[in-house]
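The structure appears right after this line, and notes come after that.
The values are calculated or read from the model by the stated rules, or taken from the named source; none is laboratory data. Please read all numbers here as calculations on a predicted model, not as lab measurements. Cβ: placed from backbone, ideal geometry, glycine included. Neighbour counts: every protein chain shown.
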Amino acid sequence: MRRDRLEDVIEENAKQARPWLTWALGGAGVGLTVALIGLLLYLTVLTVGLSIDGRSVRLRSGWTVRDLFANGMVTRRPGDLVSAKKHQVLKRGQGNPAYLMSQGHVIAAGDRLQNSEQITSYNGTDIVEHTHAATETIEMPIHYDGTGPKETVVTSGSPGVSEVTVGDVSGQVVTERVLVPAIARVVRREPLSNGAKTVALTFDDGPWPGSTLAILKILQQNGIRATFFEIGEQARQWASLSRQVADAGMEMGNHSETHPLNLGRLSAKSVSNEITYAQYNIRKASGKSPLFFRPPGGNTTGAMYPVLAKLKLGWVQWDIDTEDWTRPPTAKIVSKVLNNVHPGYVVLMHDGGGDRSHTVQALPAIIQGLRAKGYVFVTISELSRVPHRMG
Ligand code: ZN
């Protein structure tokens, strides 16, 4: 009986202990299961494991190619926009974007990354600019035979035409095919015979955007050389215009650095600076040293002579003032020249200082009219006499 009771007690105790054990064991099991499920979720649903350029990485599920770039996990560069001609870089980074490949296929930027993918990254490729077709004028070359101020056109020549493809962005000519070849103009140069009727066209106050090149073109088309009295500070500002004038065979003149209208009111030092600085700037821009000085407004001063002597500069005014800077009608500019010209005369016109459209319009008729009277065109240094007086 005692024994039975003892067994009962043990049995009873065991009965009371079992739920606790069951709960403990059960709880551990659930925890383990949750952890396993969590791990499984982590490995299969919440993240993906893959390799990028041979490096294993684990990423949040749902990431796209774009996310990889945004988070700096791929550092390949986009390509460049390059020129059609020599594939020089025009715009850095404006080519195709960097890209990723998996199993031989490019993955689109918005594609989700897949588990166990093996991804390789590549720099973006360059984009070659587009081109367009155009026709271009081939400049007519000019050949000079002999030396001397008298010029006779032997062969008139003509410009050519070529078909080109041009880079849309670079503007460079990529291919060129000559449709009509240019024919050179041949000009014979000779010394002046005694008693030749010479005339020197001069243009002041340039270089000036627009009008200087318009005048230059007319002179070149007619095979004529003239003299350009440039303002030093403008030659510095528009150096390429000054260079084109000089390269076209024109004579460069010095018309002071800042065009003060009355040199006589300046100190000797200022007068010296006006002439010296202009000489330097015109030489620097055009590549040619002026041989003559023309005072602004024609106003001379004693202080200029020692400076001119030091720089070995002559000085010159004009015989005919067209007053073109007041913008008279074109016909008036033309008649002023043609009605007053004499052999050896210097004609004053302007390529700068304002709207010179009337001068540009008058010039062809002036040239034609002077030619009809038997005049040949010379530069100031080619004149047989250099007049210092004003007309
Ligand atoms: Zn002037």
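A few remarks follow.
- Yes/no for THR359 being within 16 Å of the ligand (Cβ to nearest atom), of a type in the set (Ser, Thr, Tyr) and buried (at least 18 other Cβ atoms within 10 Å of the Cβ): yes
For every residue, the table says whether it meets (1) crowded, with 16+ Cβ neighbours inside 10 Å; (2) not in a loop (DSSP other than H, G, I, E, B).
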| residue | (1), (2) |
| --- | --- |
| GLU257 | yes, no |
| SER270 | no, yes |
| GLU274 | yes, yes |
| LYS284 | no, yes |
| LYS288 | yes, no |
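- Residue count for the stretch 321-341, restricted to those that are more than 15 Å from the ligand (Cβ to nearest atom) and more than 26 Å from GLN244 (Cβ to Cβ): 10.
- Residue in the stretch 365-383 that is in a loop (DSSP other than H, G, I, E, B), modelled with pLDDT under 90 and under 30 Å from GLY264 (Cα atoms) present: yes
- All conditions in (1) part of a helix (DSSP H, G or I); (2) hydroxyl-bearing (Ser, Thr, Tyr); (3) within 16 Å of the ligand (Cβ to nearest atom) hold for THR301, with the sole exception of (1).
- Qualifying residue in the stretch 85-103 (condition: of a type in the set (Lys, Arg) and touching a helix residue (DSSP H, G or I) at 6+ places or on another chain (Cβ under 9 Å)): no
- Taking first residues from the stretch 300-323 that are in the same structural domain as ASN273 (by TED's automatic domain parsing) and partners that are outside any strand (DSSP E or B) and among the hydroxyl-bearing types (Ser, Thr, Tyr), the Cβ contacts under 6 Å between residues at least 6 apart in sequence or on separate chains come to VAL307/SER272.
- Evaluation of ALA109 against (1) in a strand (DSSP E or B); (2) free of Cβ contacts under 8 Å to residues at least 60 places away in the same chain (one fails), failing number: (1)
- Only one of the listed residues (VAL153, VAL166) is modelled with pLDDT of 90 or more and not in a loop (DSSP other than H, G, I, E, B). That residue is VAL166.
- Taken together, LEU261, LEU213 contain a single residue that is over 22 Å from the mean Cα position of the chain (by Cα) and over 23 Å from VAL341 (Cβ atoms), which is LEU261.
- Checking LEU263, LEU192 one by one, the residue that is modelled with pLDDT under 95, touching an Asp or Glu at 6+ places or on another chain (Cβ under 9 Å) and either within 12 Å of the ligand (Cβ to nearest atom) or within 22 Å of PRO306 (Cβ to Cβ) (or both) is LEU263 and no other.
- The stretch 74-108: number of residues that are under 22 Å from LEU46 (Cα atoms), of a type in the set (A, V, I, L, M) and surrounded by 15 or more Cβ atoms within 10 Å (Cβ to Cβ): 2
- Considering residues of the stretch 123-138 that are of a type in the set (Asp, Glu) and either more than 21 Å from the chain's Cα centre (by Cα) or assigned to a strand (DSSP E or B) (or both) only, the residue surrounded by the fewest Cβ atoms within 10 Å (Cβ to Cβ): GLU136
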